[in-house]
Amino acid sequence: MDEHDQLARQFEQNRGQLRAVAYRMLGSVAEAEDAVQEAWLRLSRSDVSDVGNLSGWLTTVVSRVCLDMLRSRKSRREDSLDTFVPDPIVSREVGPEDEALQADAVGLALLVVLETLSPAERLAFVLHDMFGVSFDEIALIVDKSPAATRQLASRARRRVQGAPVSDGDTGRQRAVVEAFMAASRSGDFEALLSLLDPDVVLRADAGDATEDFSGPAVSKLVRGALAVVEQALLFTRMAPYTEVAVVNGTPGAITVVNGRVMGVMGVTVVDGKITEMDILADLERLKELPLPA
């Protein structure tokens, strides 16, 4: 095996970890893949014969790439942040193996909060709190002192602490999601209301859509159980096309009409009540994602 093949093999061993870092940094499946590919290109052009920890080296490289990508993004309008939903990761089945998946997954609700952080705050939080990278190492990436880097993570942590976290019982979450879908199909107002936390938040991201395509006609942010039930009842006709799916490691829902994915919903369940619903209904973005149809 020559040196290039050896590097390629080592890179593939680290690909999953690098993709996980990049996805949490960027909230975009396509951008995460681009960042990982760029890390490979930089590795293939570098002399790493003296690198003792190639995994750490690659994590640093992909983090720098992600930081540059975050900084170069066009500024989103303030109002769009309220309704922006990051790319979901979706699979059809919910089974016992999903307990392990959930433990390593990051929910859409948390990714939504990460979108509000500065690039440096996001990097510091993701690397330190999610992947255990030291502040000394992170400081070199963001070009700040370890103390300043610690403050970046602390500010991010305060924001993130407000993000709802789903119950650990996947079976209980699935039961709540299924009950919500059944109540939506039948148009049962009281049943829907009983499944929602009084302060539930519904976030729907339809991109630039301005006309009805049998989904949320426009992006919107809805707060409160009564208002969310009213929105759910507006789209009762879509309920027959919606089924439970694994969305970022926990039970959520996917809507498929004539083989076309029309929407993906991440659901946060706390103490048996739905506290947050994050819906991606941007058809342009959905068609670019690796989604089950």
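The values are calculated or read from the model by the stated rules, or taken from the named source; none is laboratory data. Quick caveat, the model's predicted, so the values are computed rather than measured. Cβ atoms come from the backbone with ideal geometry, glycine included; neighbour counts cover every protein chain shown.
Quick check on segment 88-100. Is at least one of its residues in contact with a strand residue (DSSP E or B) (Cβ under 8 Å, 6 or more places away or on another chain), surrounded by 19 or more Cβ atoms within 10 Å (Cβ to Cβ), modelled with pLDDT under 90 and not assigned by TED's automatic domain parsing to the domain that holds E243?
Yes - at least one qualifying residue is present in segment 88-100.
Could you tell me whether any residue of segment 156-172 is among the acidic types (D, E), surrounded by 15 or more Cβ atoms within 10 Å (Cβ to Cβ), within 15 Å of V269 (Cα to Cα) and touching a strand residue (DSSP E or B) at 6+ places or on another chain (Cβ under 9 Å)?
The answer is yes; a qualifying residue exists.
Based on this model, can you work out whether P240 counts as farther than 20 Å from R174 by Cα and surrounded by fewer than 20 Cβ atoms within 10 Å (Cβ to Cβ)?
It is false that P240 is farther than 20 Å from R174 by Cα and surrounded by fewer than 20 Cβ atoms within 10 Å (Cβ to Cβ).
Is segment 225-240 home to any residue that is within 22 Å of the chain's Cα centre (by Cα) and within 16 Å of V200 (Cβ to Cβ)? Write out each step before concluding.
Looking only at segment 225-240, we keep the residues that are within 22 Å of the chain's Cα centre (by Cα), and these are 228.
Filter again for within 16 Å of V200 (Cβ to Cβ), leaving 228.
Scanning segment 225-240 turns up at least one residue that is within 22 Å of the chain's Cα centre (by Cα) and within 16 Å of V200 (Cβ to Cβ).
Pick from segment 220-259 the residues that are in a strand (DSSP E or B) and without any contact (Cβ under 8 Å) to a residue 60 or more places away in the chain: which of them is farthest from G107 (Cα to Cα)?
Restricting to residues being in a strand (DSSP E or B) and without any contact (Cβ under 8 Å) to a residue 60 or more places away in the chain, the top hit is V257.
Take A30 and decide whether it is under 30 Å from V85 (Cα atoms), assigned to a helix (DSSP H, G or I), in the same structural domain as F125 (by TED's automatic domain parsing) and touching a residue at least 40 places away in the same chain (Cβ under 8 Å). Spell out how you get there, then give the answer.
Values: under 30 Å from V85 (Cα atoms): yes; assigned to a helix (DSSP H, G or I): yes; in the same structural domain as F125 (by TED's automatic domain parsing): yes; touching a residue at least 40 places away in the same chain (Cβ under 8 Å): yes.
For A30, the condition - under 30 Å from V85 (Cα atoms), assigned to a helix (DSSP H, G or I), in the same structural domain as F125 (by TED's automatic domain parsing) and touching a residue at least 40 places away in the same chain (Cβ under 8 Å) - is met.
Which residue, of F84, F125, is at pLDDT below 95, under 17 Å from the mean Cα position of the chain (by Cα) and of a type in the set (F, W, Y)?
F84
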